[in-house]
Each structure stands twice: as structure tokens, then as C-alpha cells.
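Every read-out reported here was derived from the displayed coordinates using simple, explicitly stated rules and does not represent laboratory data. All figures in this text were calculated on a predicted structure; none of them were measured in a lab. No Cβ is skipped: glycine too gets one built from the backbone with ideal geometry, and neighbour counts run over all protein chains shown.
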Ligand SMILES: Nc1ncnc2c1ncn2[C@@H]1O[C@H](COP(=O)(O)OP(=O)(O)O)[C@@H](O)[C@H]1O
Ligand SMILES: CC(=O)OP(=O)(O)O
Ligand SMILES: [Mg+2]
């Protein structure tokens, strides 16, 4: 093995069902750059066993499975960091010089990465009710990492920052005027992923820096949302005040008729029960009665389970509706429809079903390219009028890029 570059920037990405730690060399000239190592804890890992979270570690071009942890381990950051350090070969073990945290909700204050101080923490806290699956986990990761590495700078990069360019018509809910002064508006999420994917898509299309390039981006992971961009600027997105809005997800309902909430409350359900129902027991999981993972639901649907079939059908129906909505906001044929994150990258049948509804635009997938897609790649036919790109989700690397101006 050749000498590995200096690694000194640790990124922490606490998603709804996972915690990912990645170690990068901040001075690398590669773009995108791969981390020297990445450790991942997944609470919904089908192979980890009941009540357990699966752990994996990637380094030296290989993925290694580590012993699972109890899913309710209190300090996940510390546990994952320690497991990674124990499993990494000596020359991969480096203390970070800087830690960069993904924070899902930044409200309307942050349009760029910031160094974390008490006022930033207060602002993160302020939005915690508006990202119940994420913000507390983000905060716990920050607190644990600051305890573990108290002498070094910690930065935050916000999912919401990318959507600060949304026009008022896209970010305003059609509620009463008073909502506007009370901060009740659409913010949008997955912005770190969308910024990375839109930059990469422009490069792949040979249109890097083109201010007029229209794209539709589909981030399909545990959380799922879509974004319409023009020249790398967000002009519409499906998530809203919280990451519960929009299309159906792994365990989240996405947008539903708000009168359903009124009905449930009249039947005696409390706000926190409804919050749990819609965030944790809905979507693919709620509809199928299975874990919200297409690797479990697709085979069940294939074996004739009607609930699993319906879950996939609803997921696709909502995904198509979201794409149609982003298309309307663009008002023109997109340069590409982009698929990213776990489901977007690994589920060819989801891509096929999503694209089938848009054949009238002249969008056609090549079944062989789509079936064997290894991101980053184009899976449309040569004569398709819209490209279909599968792009690896690079939230961690994007976080490093966004903090680079602050690192010197
Ligand atoms: N086909 C799939 N492969 C991997 N994960 C999937 C799949 N379908 C659904 N999921 C869910 O997506 C999540 C992993 O996606 P990821 O975006 O990495 O996590 P997070 O939403 O926590 O950031 C897990 O919660 C998993 O249950
Ligand atoms: C905002 C959001 O839903 O994030 P994730 O997909 O990582 O859960
Ligand atoms: Mg994620």
C-alpha cells in the first residue's frame, strides 16, 4: 500500500436512520474526493438483527462489517468513533484537526457554513421541533464530538442553506398572512446533497457553470425529496417547514391532507402521537407493515404481498407527482433527471417506474445501462431527449468543500 495523504477533517452526518463519519484530507486536489475512511452506523440495517444497529467501515477500497451495536446506544458518535479506531489499521488512525457537522435545519439565518459557537447552538436548538428525527441527533453529535475533541474548531453545514434562493411563491404556504411573520414557510432540506449532485450533473453534461442549466434532482434515501435547479440554484423543492413534507419516504408520510390531522386530533390523538405516527410509522414502512427498506419490500411485493405492492405503488405515484411538480416550476425540458442516495442509486426499478411516466417528454432509459448502473453514470438511451443520471450522494465531501473558505 502506498503512502496515504494526510487526513485531518472529520465530517459527521447524523441522518434519520444512520450516523456516518468520514475522514478527508482537506488539502486534496481531487474533486470530488473520496474519504480515507468512512464509518457508518445504520439503525435499520436488515442484517444487524432485532434491536441492533449495523456498523460498517470502508477503507483501502474495501468495506468491512463490524460487530453490531445496540440500537439505543446512548452516545452513538463516541461508540462509532471508538469502533472505527479499533478496527482501522495503525496508519489510518489520525486525530481530526477540524470537525464538520451536517445540521438539517438552519431556519432562515444560515446561507453558508459557520463555526459553531453558543449562538449557533442556540439557533440549532430553536429549530429542533421542526426536524424531530434529525435536529436532536445532530445536536447530540455536536456535543459528543466537542467533548471528544474540545481543542479544535467545529463547523456546521446546513441542509436548508442551499434553498435560500427559493422564490417567495415557492416557499410561501397558502395560509394566513400572519404565518409569514411567524416563520411558517417552506425551507427545504437535503441541500448539501442537492448542491453536490447539481454540480456533478453539470460537469457530466459538459455544462459546468452554465447559469441556465435546468435540472430535476431526486434525493431518495431514508428521507426523500426533490429539487428543481437552474444553473445550480434551487428554485423549488418538495420538503417544507420540516422534512416531513413532500413525497412519501421510508418511514415518513410526506404531504397529506391537513384535515387528516384535524380528524385524528378530534379522535383524541395528541400532537406528539401524531408526530411519531407520521414520522416513524408511515411511508413505505407504514403502508407495508415491513421495515421501510426497498430491499425488504420489493421481494415481498414480488411474492404477492399486497401491502408491500401498494407501498411501492404509492411511493412511485408520489415520486412521479413530485417530478411533475418540479417540471412545472422549471417550465422547460430539464437537462437531466438526477437520481441520488441509497434508493436513487441502488434501485433500478424505482428509476424505471419514475421515468416511465415521462416518456411523453422523450425521456427513455436504456434497460441494460439502468440495470447495471454504477454511479456516476448516464442511464438514458442515446436518443433520449432528457439525460437520466445516477450520481453518488456526496454529502460529506460537499461539507468539506463548503467549509474550505473557513479553514485557512
Ligand atoms: N434499498 C435500500 N438500500 C439502503 N437503504 C434503504 C433502502 N431502502 C430504504 N432504505 C432506507 O434508507 C436509509 C439509508 O439511507 P441514507 O440516506 O443513507 O440514510 P439517512 O436517511 O439516515 O441519511 C435507511 O434508513 C434504510 O432503511
Ligand atoms: C432531511 C432528511 O430527511 O435527511 P435524511 O434523508 O438524511 O434523513
Ligand atoms: Mg441521508
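A few points about this structure:
- Label-reachable residues, the stretch 155-169, where backbone N falls under 17 Å from a point 7 Å from residue 109's Cα toward its Cβ: 155-162, 164
- For the chain, diffusion coefficient by Stokes-Einstein and Kirkwood Rh (Cα), 20 °C, 1.002 mPa s, µm²/s: 98
- Among 175, 17, 254, the largest mean-square fluctuation in a Gaussian network model of the chain (Cα springs under 10 Å) belongs to 175.
- Mean projected area of the convex hull spanned by the Cα atoms of the stretch 95-155, taken over all viewing directions: 4.0 nm².
- Gaussian network model of the chain, Cα within-10 Å springs - most flexible of 257, 118, 58: 257
- P(r) weight above 21 Å for the stretch 277-338, C-alpha pairs, percent: 37
- Peptides 150-161, 59-70, 121-132 ordered by packing proxy, namely the average of other Cβ atoms within 10 Å per residue, highest first: 150-161, 121-132, 59-70.
- For the stretch 206-391, the spread of Cα positions along the three principal axes, ordered from largest to smallest, is 56, 39, 25 Å.
- Inter-part distance, the stretch 101-154 to the stretch 23-75, computed on C-alpha centroids, equals 21 Å.
- Projecting the alpha carbon convex hull of the stretch 294-369 along each direction and taking the average yields 5.6 nm².
- The order of the peptides 96-104, 324-332 by mean Cβ neighbours within 10 Å, most packed first, is 96-104, 324-332.
- Computed with the Debye formula from one identical point scatterer per Cα of the stretch 9-158, without solvent, the log10 of I(q)/I(0) at q = 0.11, 0.13, 0.16 Å⁻¹ comes to -0.42, -0.59, -0.90.
- Just checking the listed ones, 395, 275, 345: in the Gaussian network model of the chain with Cα springs under 10 Å, the one fluctuating most is 275.
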